[in-house]
Amino acid sequence: MESLFASTKKELKQAIKIAKIQPSLANKLLTHDKIIKFSLQLNTKNGNKIFKGFRVEHSNILGPYKGGIRYHKNVSLDELKALSLLMSIKNAVIGVPFGGGKGGINIDPKELTKLELELLTREYTRKLIPSIGTYKDVPAPDVNTNSLIMSWIVDEYQKQTGKKELGVVTGKPIDLGGSQGRKEATGYGGVYALETILKQLGKKPSELTVAIQGFGNVGQFVAQKLQEEGFKVVALSDSKGGIYIPKGVPKIEDIIKCKEKKGYLAGCYCIGGVCDIKNKKKVGGKDISPDEVLLLPVDIIVPSALENVITTKNASKIKARIILEMANGPTTSLADKILNKKGVIIIPDILANSGGVAVSYYEWYQNIKKIKWSKTEVLAKLQKQMQDASMQVFKISQKYNVNLRLAAYIRALEKIQDTWLKNSK
């Protein structure tokens with residue numbers, strides 16, 4: 001399978017050609033500004049261990065580098081190079097003044113105690129201090145990292161530098177300068193993008209059925225918002241299994257409570273707030289696997305869990321005519337070609353899940369301006385920003401007769417070039 005970095009560069013080159021980006025800027029965007037690699041030493045309960053740490057900074061043409069920190073055993077330089085490039089594109093697509101960055105530690109965090117994880121995070125922060133900062137590089141949570149880990153980074157940064165900079169990271173706890181609406185941002189942002197595109201296609205939510213793969217934070221908020229907006233959500237799944245109710249899942253909030261109580265989604269057939277496998281027959285339900293969710297006879301599928309779940313093995317079997325990519329990289333490049341030939345409309349991850357990036361910017365802005373926005377204000381700003389970006393991407397797809405993924409790249413490149421040209425004068 002082609003690596004994520006290779007496929008991302010290929011898509012970027014294609015967009016560069018169509019958008020007629022100046023050669024010097026094109027060359028700059030096809031390379032990275034800075035790659036930081038270092039070793040991290042930690043005394044664990046199982047002895048002294050060495051881990052690999054990374055931070056990749058792609059481009060800061062639009063503003064400070066911005067992107068998450070992931071803790072995962074499969075973290076690699078190739079992956080981070082791809083993801084930092086994609087962050088440059090994503091930030092430009094959504095229209096926030098950030099460049100692209102990405103970082104991580106090659107570790108399975110489940111193997112560490114909470115104290116060990118904190119010590120490792122603080123050591124990672126000390127190594128990054130010369131590079132990060134409110135106006136230089138602003139990390140955020142990503143895979144296996146969260147608001148608590150961000151609070152450790154802020155604290156260690158302040159201890160080492162003596163600077164009280166809340167804007168050094170985003171995704172912080174609310175009481176430490178985090179933004180209201182951050183939890184909902186990615187999921188709601190995806191729904192705002194979907195609704196904008198559907199309006200251009202003349203399709204109404206009440207006429208459309210949806211199946212969602214992945215029922216973590218993003219999937220849950222997508223499901224809730226879709227149901228609230230009148231879509232018929234018929235299937236949900238997590239890593240352990242799922243449910244399929246052709247006439248529609250009765251109430252998403254009940255399903256969320258059921259999963260929180262049980263720890264998994266399977267068997268969460270709910271009637272009037274009572275959730276039990278015994279209700280399956282009453283609601284006309286059927287147990288289903290995560291893989292099967294993508295192949296159901298629905299109008300829209302929403303992969304919101306893992307990357308590379310839509311491949312050459314299942315792309316031709318997909319019946320949905322619209323795919324909302326809420327996970328990062330859920331569709332391989334070869335599967336993308338198959339789906340495009342079939343006329344499937346893919347709302348790409350670089351647009352669909354950029355709501356989190358938008359609210360990260362709002363958090364950063366609130367920190368530096370020393371102001372606080374309510375959740376209502378944040379979500380209203382997010383809705384408008386997602387609608388504007390989605391509308392622009394749709395118009396570009398029409399102008400150049402290209403799919404939405406390529407259109408998103410073109411919009412990003414045009415925005416980056418405009419700024420680059422202004423700064424060059």
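The values are calculated or read from the model by the stated rules, or taken from the named source; none is laboratory data. Nothing here was measured: the structure is a model prediction, and the numbers come from that model. As a convention, Cβ positions derive from the backbone with ideal geometry for all residues, glycine included, and neighbour counts pool all protein chains shown.
List of remarks:
- Scanning the stretch 191-217 for residues that are assigned to a helix (DSSP H, G or I), touching a Ser or Thr at 6+ places or on another chain (Cβ under 8 Å) and modelled with pLDDT of 95 or more yields a count of 4.
- Residue that is among the hydrophobic types (A, V, I, L, M, F, W, C), in the same structural domain as Lys102 (by TED's automatic domain parsing) and touching a helix residue (DSSP H, G or I) at 6+ places or on another chain (Cβ under 7 Å), where the choices are Phe54, Phe5: Phe54
- Verdict on Ala335 being touching a residue at least 12 places away in the same chain (Cβ under 8 Å), closer than 30 Å to Pro64 by Cα and in the same structural domain as Phe231 (by TED's automatic domain parsing): no
- Residues in the stretch 21-32 that are surrounded by fewer than 17 Cβ atoms within 10 Å (Cβ to Cβ), without any contact (Cβ under 8 Å) to a residue 60 or more places away in the chain and either assigned to a loop (DSSP other than H, G, I, E, B) or of a type outside the set (S, T, N, Q) (or both): Pro23, Leu30, Thr31.
- Near pairs, Cβ below 8 angstrom, 6+ apart or cross-chain, from the stretch 257-285 (without any contact (Cβ under 8 Å) to a residue 40 or more places away in the chain and closer than 18 Å to Ser237 by Cβ) to any residue that is among the acidic types (Asp, Glu) and part of a helix (DSSP H, G or I): Cys268/Asp254; Cys270/Asp254; Cys275/Asp254
- Among the residues listed as Glu11, Glu2, the single one being acidic (Asp, Glu) and in contact with a Phe, Trp or Tyr (Cβ under 8 Å, 6 or more places away or on another chain): Glu11
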